[in-house]
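The values are calculated or read from the model by the stated rules, or taken from the named source; none is laboratory data. Computed from a predicted structure; not experimentally measured. Note: ideal-geometry Cβ built from the backbone for every residue, glycine included; neighbour counts use all protein chains shown. Each accessible area value is taken on the protein alone, full model and side chains, heavy atoms only, with ligands, DNA and RNA left out. Shrake-Rupley method; radii C 1.70, N 1.55, O 1.52, S 1.80 Å.
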Amino acid sequence: MKFEVLTIFPEVIECYLKHGVVGRALNKGIAEVKVYNLRDFTTDRHRKVDDYPYGGGAGMVMQIEPFYNALRHIKSDGIPRKVILLSPQGRRFSQRIAKEFYKEEKTLTLICGRYEGIDERIKAFVDEEISIGDYVLSGGELAALVIIDSVVRLIPGALGDELSAEEDSFMKGFLDYPHYTRPEEFEGMRVPDILLSGDHKKIALWRKKEALRNTLKNRPDLLKNLSAEDMKILKELCSEINK
Ligand SMILES: CN1CCN(c2ccccc2CNc2ccc(C(N)=O)cn2)CC1
């Protein structure tokens, strides 16, 4: 899986890619990220990437040329790409879309805007506009990193052998269950005994129940198309809560 990022702050992207799961996946060659500094695709002495908005108003707008020049340079290898603009106006990103991007196996070219945004004519070169959530960021770089991180985790081998992307309970459509590690007691708070029992069947059941409890509490909208088994656990949970 290949990614390309167009940004005026390449260090922001490169720094994140040195660490953790994504860093290891890149080192293993499981994924590849190329970062392009838009200023390298300007033609003036000051390497300008922004200008005053037509129609007036506060702030500056990013010019189309540096993006166009960068895309033309990148596309000269003729490899199929999906060009994605990260913006507050985009289609809402989700795990489902991350899987969609992974399965398509196309290079993802991520366009990061700054200032008040990018000249609207950029849309002529964009395949998809994606938002990572309903909030305004100073730039598209964090959104680009969210896409890269969530898609890289889906690549076989990225998470190391013991874990798998399927393990992410969000993949199963629920919120995660609680996690504990040493010490067994901290400030009077003990680890639930079930987790010390070594009874893996009971532990799995407890984890499913706690995942359903968390989902019921924070994201009841995710509780749809439940299996008969999950429905049974949920009913048990509700009767406990309503005691
Ligand atoms: C103050 N302006 C900064 C620039 N911005 C803008 C406008 C157009 C494109 C990119 C950006 C970069 N910002 C982003 C990007 C993504 C998200 C998201 N939710 O995915 C939120 N914000 C508009 C607002």
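For the stretch 165-184, state whether one or more residues are within 15 Å of the ligand (Cβ to nearest atom), hydroxyl-bearing (S, T, Y) and open to solvent by 10 Å² or more (accessible area, probe 1.4 Å).
No, because not a single residue in the stretch 165-184 is within 15 Å of the ligand (Cβ to nearest atom), hydroxyl-bearing (S, T, Y) and open to solvent by 10 Å² or more (accessible area, probe 1.4 Å).
Looking only at the stretch 230-240, decide whether some residue is out of contact with any strand residue (DSSP E or B) (no Cβ under 9 Å at 6 or more places or on another chain) and open to solvent by 90 Å² or more (accessible area, probe 1.4 Å).
Checking the stretch 230-240: at least one residue is out of contact with any strand residue (DSSP E or B) (no Cβ under 9 Å at 6 or more places or on another chain) and open to solvent by 90 Å² or more (accessible area, probe 1.4 Å).
Name the residue that is nearest to V49 (Cα to Cα), counting only residues in the stretch 67-107 that are within 16 Å of the ligand (Cβ to nearest atom) and exposed (fewer than 15 other Cβ atoms within 10 Å of the Cβ).
Result: Q89.
Can you pull out the residues in the stretch 15-31 that are open to solvent by 80 Å² or more (accessible area, probe 1.4 Å) and either closer than 18 Å to I122 by Cβ or over 16 Å from the mean Cα position of the chain (by Cα) (or both)?
K18, R24, N27, K28
Would you check which residues across the stretch 220-243 are closer than 20 Å to K172 by Cα, part of a helix (DSSP H, G or I) and either touching a Cys at 6+ places or on another chain (Cβ under 9 Å) or among the hydrophobic types (A, V, I, L, M, F, W, C) (or both) and list them?
Hits for the stretch 220-243 are L222, A228, M231, I233, L234, L237.
Quick one: Y177 ticks every box in (1) of a type in the set (S, T, Y); (2) over 30 Å from P80 (Cα atoms); (3) not in a loop (DSSP other than H, G, I, E, B) except a single one, so which number is it?
All conditions pass for Y177, except number (3).
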